[in-house]
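One structure below.
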Amino acid sequence: GGGFSPADFPLAALAAPVYMTAVMLVLHYNDLLFLRERARRNWSNIQISLRKRRNLVRPLNTIVSKYLEHEQELQAALARMRTEMRTATDDPAAAARYLAAEQALDGHFRAVVENYPKLKGAKAVAQLTTALTRLENEVALMRSGYNDAVEHYNARIDTFPDLLFARALKFARLDYVAL
């Protein structure tokens with residue numbers, strides 16, 4: 001007893017390479033999964049940015065257009081009042097129209113000033129433009145991040161030894177996005 005057979009030495013020598021091969025296989029598989037999930041997460045980020053843009057732009061556009069419409073009506077009323085004021089000095093009927101227009105405008109103007117102390121349509125349009133630009137930049141950054149992740153993932157599944165895992169485990173190539 002106690003002796004080793006000649007087959008025991010090669011088996012002992014192969015234990016470390018077999019173990020390291022198994023560890024390498026697990027690490028490569030996990031890395032491929034990580035890269036694929038990172039690309040999918042980046043695609044989800046693009047979808048979220050697009051939803052934010054859709055959910056924000058429409059209501060903001062409606063608000064700004066209503067605001068500008070309201071301000072335009074107020075400007076038109078002011079112009080009518082100025083016209084009536086020019087003719088009011090000569091004609092009593094025109095003076096009555098002027099006073100009626102002035103009272104209507106005064107009530108309308110007070111309600112507007114109480115709700116909107118500063119009538120500045122350009123500021124609202126500037127805020128809309130800034131919001132749109134910020135959202136477009138966000139979508140562009142998300143698209144760039146997604147395309148970088150896809151490029152890295154596709155490069156990895158096309159190189160050895162990941163190519164073997166990708167084909168055996170059916171890792172599919174991902175498409176780039178060009179929004």
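The values are calculated or read from the model by the stated rules, or taken from the named source; none is laboratory data. The shown structure was predicted, so the numbers you read here are calculated from the model rather than taken from an experiment. Neighbour counts run over all protein chains shown; Cβ positions are idealised from the backbone, glycine included.
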Check: In the range 147-173, how many residues are out of contact with any helix residue (DSSP H, G or I) (no Cβ under 7 Å at 6 or more places or on another chain) and loosely packed, with under 11 Cβ neighbours inside 10 Å?
Finding: 6
Margin query: For a quick check of your reading of the model, give me the residue pairs whose first member lies in the range 131-148 and is over 14 Å from Ile48 (Cβ atoms) and part of a helix (DSSP H, G or I), whose second is modelled with pLDDT of 85 or more and of a type in the set (A, V, I, L, M), with beta-carbon atoms closer than 8 Å and at least 6 apart or on different chains.
Written below: Asn147/Val177
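Tell me, please, whether a residue that is at pLDDT 75 or above and farther than 30 Å from Asp148 by Cβ can be found in the range 32-43.
No - not one qualifying residue is present in the range 32-43.
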